[in-house]
1. If residue A:269 meets every condition in (1) over 27 Å from residue A:51 (Cβ atoms); (2) at pLDDT below 90 apart from one, which number is that one?
2. Being free of Cβ contacts under 8 Å to residues at least 40 places away in the same chain, assigned to a helix (DSSP H, G or I) and more than 20 Å from residue A:387 (Cβ to Cβ) is the filter; apply it to segment A:325-371 and report the residue that is nearest to the chain's Cα centre (by Cα).
3. Hey, among B:113, B:118, which residue is buried (at least 20 other Cβ atoms within 10 Å of the Cβ), within 30 Å of residue B:95 (Cβ to Cβ), aliphatic (A, V, I, L, M) and assigned by TED's automatic domain parsing to the domain that holds residue B:74?
4. Mind counting the residues in segment A:348-381 that are within 12 Å of chain B (Cβ to nearest Cβ) and hydrophobic (A, V, I, L, M, F, W, C)?
5. Take residues that are over 27 Å from residue B:31 (Cβ atoms) and tell me which of the helices (runs of 4 or more DSSP H) falling wholly in segment B:57-154 contain 1 or more.
6. What are the residues in segment A:135-176 that are part of a strand (DSSP E or B) and at positive phi, if any?
7. In segment A:13-51, which residues are within 23 Å of residue B:222 (Cβ to Cβ), more than 9 Å from every other protein chain (Cβ to nearest Cβ) and of a type in the set (A, V, I, L, M)?
8. I'd like to know if segment B:229-251 contains one or more residues that are surrounded by 20 or more Cβ atoms within 10 Å (Cβ to Cβ), under 28 Å from the mean Cα position of the chain (by Cα) and assigned to a helix (DSSP H, G or I).
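The values are calculated or read from the model by the stated rules, or taken from the named source; none is laboratory data. Keep in mind it's a predicted model, so treat the numbers as computed, not measured. Cβ: placed from backbone, ideal geometry, glycine included. Neighbour counts: every protein chain shown.
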Amino acid sequence: MNESALKKLKTLAESAKYDVSCASSGTTRNNKNKTLGSAAGWGICHSFTEDGRCVSLFKIMLTNNCMYDCAYCVNRRSNDIPRATFEAEELVSLTIEFYRRNYIEGLFLSSGVIKNPDYTMERMLAVVKSLRTEHRFNGYIHMKSIPGASRELVRQAGLYADRLSVNIEIPSEQNLKLIAPEKDYQSVYKPMSYIHQGLLENQEERQKFRHAPRFVPAGQSTQMIIGATPETDRQILGLSSLLYRQPSMKRVYYSGYVPVNKSDSRLPILEIPPLVRENRLYQADWLMRFYHFKANEITDEKFPNLDLSVDPKLGWALRHPEYFPVDINKADYEMILRVPGIGVKSAQMIIASRRYSKLGHWELKKIGVVMKRAQYFITCNELTHYTIQEARPEYVRKMLTDKSKKNQKDPNQLLLNFSE
Amino acid sequence: MTFFVYDGTFEGLLCAVFESYSRKIVPDYVIFEKEQLSLFSDDVVSIVSNAEQATRVWKGLQKKLSASACSMLAVTSMASDYPDLGSLLFRYVRKTFDTQKSIETNFGDSDVLVVSKLYKKVSRESNRVIQFVRFQKTVDNIFFAPIDPIHNVLPLVVKHFTNRFADQKWVIYDMRRHYGYYFDLKTTQEIIFENLQADLESGKLSENVLAHDEKLFQQLWKTYFKSMTIKERINPKLHRQNLPKRFWKYLTEKQ
């Protein structure tokens, strides 16, 4: 470990940072026989960078040399950037030393493609294997599966890693081919299905043999770049909900396009990354995973894109006033979940506490319901308020989006000067 | 007004409940020893901790409450930052015994709600300690980390670190409450440093006790941390929200 390692670390971290995934959840592994490390099922973030993203895993590339020339990628062949490659031992010792100081929760290993996908996978495997077998490391390992890698290598990787991921990157195949001519959906979906099948087989095996080694216990994830190509939110969410149908798919990440490469005619010119859209997509993703929404409820033919000024749940409620107001003391859980301003936790608390007594505005507020939003959509054990039925959706939308106006002074308002 | 004065431990609190039932009085406040009594304290009962009584009350609680609610109470009793903690927990326990049905999910009741919120606060603080502990390696291969949490959460996180760093010696020291835990590869025990070195107040060990490669790894980590930031997305508000400023003083990457 010396100055050259420092330089390499800087170069390869810069190259790895655009991958958004950093979750360290999904695996619980206790420490065995006084070795190093453990994995907590809920995931632990150890730091946060100045852009607010969490640093949970030591996210690093084995090398940023790459034979592909994908227009969106900072590491593409035609870019003139510093290149570096880690030796397996260097990366292993960095991971262990960082882990011992409680800087990180584990390793997230990615790599540019060198020679061919299988060769790259083998080099990555060497790192992961050394951590797990030589150093008996029990921390979390997330490994990228290189598109186009063979079934055997994916299987081996799955025995050492907690989570594998293959990135889709562009949400439709024709645009992927336009932007990354050397890639296609086949090469992405194949490793994905290897992982999925491996997981299913492993589940069956573990039913027969309780101590059979686990295969990617934390499942797989993927990532899509948002705003680099003209897909609508409806297409993106449709694809996500298809992916979530595989039980092994734990997370789909959305990464607002950051123009890392200047002057490529195939990509749009953006002033700032589409951060609001990215946020709305994550909210929609949450609605699908935790709020029992379907993709075609969040967006439809009439509204193929998410409304950027309101969150998707409020957007749905405003388009469907016929479901409201909801009686908090009688409605079922599914319906309470759909009320804007009530989250999963509050909904569960409402269901639990209404067995004891009826709930009114005050109790709801104390429970943590955002009454500013919820008031238009509920009735509770009090006189009915001014709900969406009386107020009309247009008015509710205006009340809930005009927050900037309220604090601003009207320039036409005349002021009396009371100061002496 | 009636006051119960207890020693601030969870055991003491359970004894206060015992005392209340055996004397058939309900105090207006249950307070720590060090807290000042108000001007209107006519009746002051000081509670002597007694393991036998505490166990009896605890067993009774376990019959009335689910296991998760019991552990929630024990965790909440570490909320040293909450001003009237004794009275709150006392009321919660009395209510549990005085009602037929278990009260633990009745969030319409303000005491139940406050206890559950306080529990969340304490467990969030203990999670943050788990997240933000930063060890420094010393010449004698002991990993040392100072912490300064607002609630007394160190006892809650010791198990996590004992399990995780089972092959290295470590010390985690609460600088605010002046005690810590030391793991010697076999057991974890409580320790108190008699005289903290002056430079330890800042949390940084002096150069001559640091392991020879410690500075290098700190440098590597700082470099890594800096290069992970995407300049186009800088968001200081979110940064401070996720990584509260009060933790910065002991974070290697924020030095």
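1. (1)
2. Going through the qualifying residues, I end up with A:345.
3. One residue alone meets the criteria, B:118.
4. Result for segment A:348-381: 10.
5. Those helices (runs of 4 or more DSSP H) span B:67-76, B:110-132.
6. A:169
7. Within segment A:13-51, A:20 is the sole residue that qualifies.
8. Yes; the residues of segment B:229-251 include at least one that is surrounded by 20 or more Cβ atoms within 10 Å (Cβ to Cβ), under 28 Å from the mean Cα position of the chain (by Cα) and assigned to a helix (DSSP H, G or I).
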